[in-house]
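Structure first, then comments.
The values are calculated or read from the model by the stated rules, or taken from the named source; none is laboratory data. Keep in mind it's a predicted model, so treat the numbers as computed, not measured. A quick note on method: Cβ atoms are made from the backbone with ideal geometry, for glycine too, and the neighbour counts reach across all protein chains shown.
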Amino acid sequence: MSQRTERRGGIHVDQSDLLCKKGCGYYGNAAWQGLCSKCWREEYQRVRQKQIQDDWALAEKLQREEEAAYASSHGPQTQPPSQSTPPHPQPGHASLGPFSKFEEKKTNEKTRKVTTVKKFFSPSSRSAPKKETQEGKTPSPSVSRRASFDTDQVSKDFVDFLKNLQKPGREIHKQCRAFIGNMSSKKDLSADELSECVQDFYQNLADRLMGHFKCSSESVEQVMDQVEKYIMTRLYKSVFCPETTDDEKKDLATQNRIRALHWVTIEMLCVSFDEEIPEVSENVVKAITDVIEMDSKRVPRDKLSCITRCSKHIFSAIRITKKEPASADDFLPALIYIVLKANPPRLQSNIQYITRFCNPSRLMTGEDGYYFTNLCCAAAFIEKLDAQSLNLSPEEFERYMSGQASPRCSGSEEDWSSPAPAPTNPVLAQLNQNLEVLSGLSGRQEALMEAAHSLQADLLSWPESVQHEVHDILKKYPLEVLPRSAPAIDDNNDVDNDNLPPPLTPQVV
Amino acid sequence: MGEKLPQVQGDPQLRRDTLSRPVRTLRAKMVLLGSSGVGKSSLALRFCKDEFRNTSPTVGCAYLTQVMHLSDVTLRFEIWDTAGEEKYHSVTPLYYRGAHAALLVYDVSKRDTFIRAQVWLRELEKQYVAGSTVLWLVGNKGDLAQHRQVSVQEGQSLANDRGLLFTETSALSGDQVDKLLLAVAHRVYECVGAQQGGLSEWQETPHVDLRRRNHLFASCCKVGP
Ligand SMILES: Nc1nc2c(ncn2[C@@H]2O[C@H](COP(=O)(O)OP(=O)(O)O)[C@@H](O)[C@H]2O)c(=O)[nH]1
Ligand SMILES: [Mg+2]
């Protein structure tokens, strides 16, 4: 195979590179680690199975360690390990087994809480139909492997953290494990229901810590941060952009929308950035990086931190430009600009995920909450953005959106009717030249297509016209069959026979 | 300011709770709404002038905090400034969800900002259960007497009609600004005490004392005075 090697434009393409790495003979795909779809699916299942087993083994190991730790710190009167196997709460209740005395009260509060949570955060996704399979969107096996490693680390950190808490730590660990186990059996809940379960769990656990263990609100907050980290690291894969929602569709729509708005300038949004100042452009780049990084985090709080860091860089950029602290009137347009420049991956999914699984008080209050709210506003604004909001005429806006014109190439509006003035930048000159060539080509292409179409039409109508002609002729000269007459030639009447030479006679030589 | 400060008279349970421990610090979210140029950002800066020096220099004045000490509680105000330009109005409801106080600011020297404030009010009333949030009408730039287009009476009677509180301020001179913040603090705290569950609409935090779980405040003690 390797001798069939092509060299094209400096890129070395080996035929064997294109085939499935498993050697099954089908073509592989880079997105599937060079495997064909079938082999990739098998590989993925294998890794996934392995990960489930690993997770389970680790959980057992951690549990044993934990038991040992408690046994050593609490003396021999501690419960035997066999009693601490994860409880199995009834399906339908997130974590109510050990909280049963709160159950009744919670139910009342739950109903109310749930309506408000829904009202303010997640646009309903209950109605979205559940798709059959989860496989299409799962990350590649190696990503899973890395994720599994991270998960292990998070679990270890969590146990280390809980060890310092003594008795409550033990219960928290049990609760969390039971909750995660319980959640894995609820794969087909809607996103809102998943969110409800997680939020209820947070609430129940916090209440229990406050009420039963008399923890201070400060330490509860600390614990809850750790709990969120532990739980969401494990649930991330199944609850981020779940198949039951149209999050993914919205992501694509937003991504395309932002792409179509690539021409929006600082001036149109009235952003106070002077990117000529190196320090400003540095902060702009950092802000863009931070908002893009959000997608790589798994814990809602870590995602929030990315948004906050991004926002602080924006504030710095504005402060350096304006030489005074930025107000909300400066900040929101600047954030919109950053989002347009960054086109952050899976923006809608991330917003939804944070909304559903972050501690809600963090979203509506606090500094992180302020920046998150602004990001939501920016995303909503970009969706609705029109000519007016950029101080453009509807015609200009349309031209820019359709790509017929770009505000960067030439300055004022009048230029669009007459040919654009020669740009000074050689790259732009080249670009313009290429554009001209392209438009010439597309003109010729059109003419060619037209000709081809008329040829095709001609060809199609030709047999018909021939048929018509034949028909007409047949009509004009109908075929008449005349009665057969007697043969005109009579052998006896052969007059010319005398003129004929005599027949040759064979002669013996 | 014209009106006397509302008295703090929480229910006995609340008083016993708060007296039995060191003074609690409660979080309160306050949103500034109003047209562009009415002086929202200037007011926010005025509210926080004491703390302003302490905040990190990179942070702007869009999100500020100010601590208010009342007799038996400390409120830590989170002040959310909003972009006033009309094109952002459609997204503004995102800012005031979960707010404990909303200041509706207009410019007494510009009638259109007063009209605009009424549009905001209508919007707010759609979102709120009565009494869940302290709504305060603020006529700013009271120092511009010679350019006044909205009289004190007009502001006051709009507030009376719609059940809001009303104050005229000057962010420029600082007149009434401190008193306004203190009055808002009292009012917010009073709502907590007086309305058992009345503000639970906004109570989304799991970090709440069990007995007080229906109140709007997270009992967050992280940031002291
Ligand atoms: N005369 C006077 N001017 C004010 C007052 N408050 C704000 N300004 C001015 O009004 C302009 C807009 O203020 P700003 O706080 O940016 O308004 P915002 O758009 O609502 O945030 C600024 O030039 C301020 O100096 C005030 O009380 N009196
Ligand atoms: Mg402002």
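Some observations on this one:
- Only one of A:Arg319, A:Arg298 that is surrounded by 19 or more Cβ atoms within 10 Å (Cβ to Cβ) and not in a helix (DSSP H, G or I): A:Arg298
Listed here are the residues, each with its yes/no results for (1) surrounded by 22 or more Cβ atoms within 10 Å (Cβ to Cβ); (2) farther than 30 Å from B:Thr25 by Cβ.
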{"position": "A:Val159", "(1), (2)": "no, yes"}
{"position": "A:Ile180", "(1), (2)": "no, yes"}
{"position": "A:Lys186", "(1), (2)": "no, yes"}
{"position": "A:Asn204", "(1), (2)": "yes, no"}
{"position": "A:Glu221", "(1), (2)": "yes, no"}
{"position": "A:Glu228", "(1), (2)": "no, no"}
{"position": "A:Ile231", "(1), (2)": "yes, no"}
{"position": "A:Lys237", "(1), (2)": "no, yes"}
{"position": "A:Arg259", "(1), (2)": "no, yes"}
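- Selection status of A:Glu193, modelled with pLDDT of 85 or more, surrounded by fewer than 18 Cβ atoms within 10 Å (Cβ to Cβ) and closer than 30 Å to A:Val47 by Cα: yes
- Taking the criterion of being surrounded by fewer than 16 Cβ atoms within 10 Å (Cβ to Cβ) and more than 17 Å from B:Ser109 (Cα to Cα), the only residue of segment B:136-159 that qualifies is B:Ser157.
- Flag if A:Ser389 is in contact with a helix residue (DSSP H, G or I) (Cβ under 8 Å, 6 or more places away or on another chain), within 12 Å of chain B (Cβ to nearest Cβ) and part of a helix (DSSP H, G or I): yes
- Selection status of A:Asp200, more than 10 Å from every other protein chain (Cβ to nearest Cβ), part of a helix (DSSP H, G or I) and within 34 Å of the chain's Cα centre (by Cα): no
- Of residues in segment B:60-103 being facing chain A (nearest Cβ under 7 Å) and farther than 22 Å from B:Val119 by Cβ, the one modelled with the lowest pLDDT: B:Gly60
- Annotation note: Cβ proximity below 7 Å between a residue of segment A:326-349 that is more than 14 Å from chain B (Cβ to nearest Cβ) and in contact (Cβ under 8 Å) with a residue 24 or more places away in the chain and a residue that is part of a helix (DSSP H, G or I) and within 16 Å of ligand 2 (Cβ to nearest atom) (sequence gap 6+ or interchain) occurs for A:Ile338/A:Ile314.
- Any hit, segment B:112-120, residues being of a type in the set (Val, Ile, Thr), closer than 27 Å to A:Phe331 by Cβ and within 11 Å of ligand 1 (Cβ to nearest atom): yes
For (1) within 16 Å of ligand 2 (Cβ to nearest atom); (2) within 24 Å of B:Leu182 (Cβ to Cβ), each residue gets a yes or a no:
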residue: B:Glu78; (1), (2): no, yes
residue: B:Thr82; (1), (2): yes, yes
residue: B:Thr92; (1), (2): yes, no
residue: B:Arg97; (1), (2): no, no
residue: B:Val108; (1), (2): no, yes
residue: B:Glu123; (1), (2): no, no
residue: B:Leu135; (1), (2): no, yes
residue: B:Ala145; (1), (2): no, no
residue: B:Leu158; (1), (2): no, yes
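- B:Leu137 fulfils the conditions (1) touching a Cys at 6+ places or on another chain (Cβ under 8 Å); (2) within 16 Å of ligand 1 (Cβ to nearest atom) except for a single criterion, (1).
- Residue in segment A:225-241 that is in contact with a Leu (Cβ under 6 Å, 6 or more places away or on another chain) and part of a helix (DSSP H, G or I) present: yes
- Scanning segment A:203-221 for residues that are more than 9 Å from chain B (Cβ to nearest Cβ) and part of a helix (DSSP H, G or I) yields a count of 3.
- Number of the condition not met by B:Thr167 [criteria: (1) within 13 Å of another protein chain (Cβ to nearest Cβ); (2) modelled with pLDDT of 95 or more]: (1)
- Candidate set: segment B:160-169, residues that are in contact (Cβ under 8 Å) with a residue 24 or more places away in the chain and more than 16 Å from ligand 2 (Cβ to nearest atom); chosen: the one surrounded by the fewest Cβ atoms within 10 Å (Cβ to Cβ): B:Gly163
- Only one entry in A:Arg319, A:Arg309 is of a type in the set (D, E, K, R), within 16 Å of ligand 1 (Cβ to nearest atom) and within 14 Å of chain B (Cβ to nearest Cβ), namely A:Arg319.
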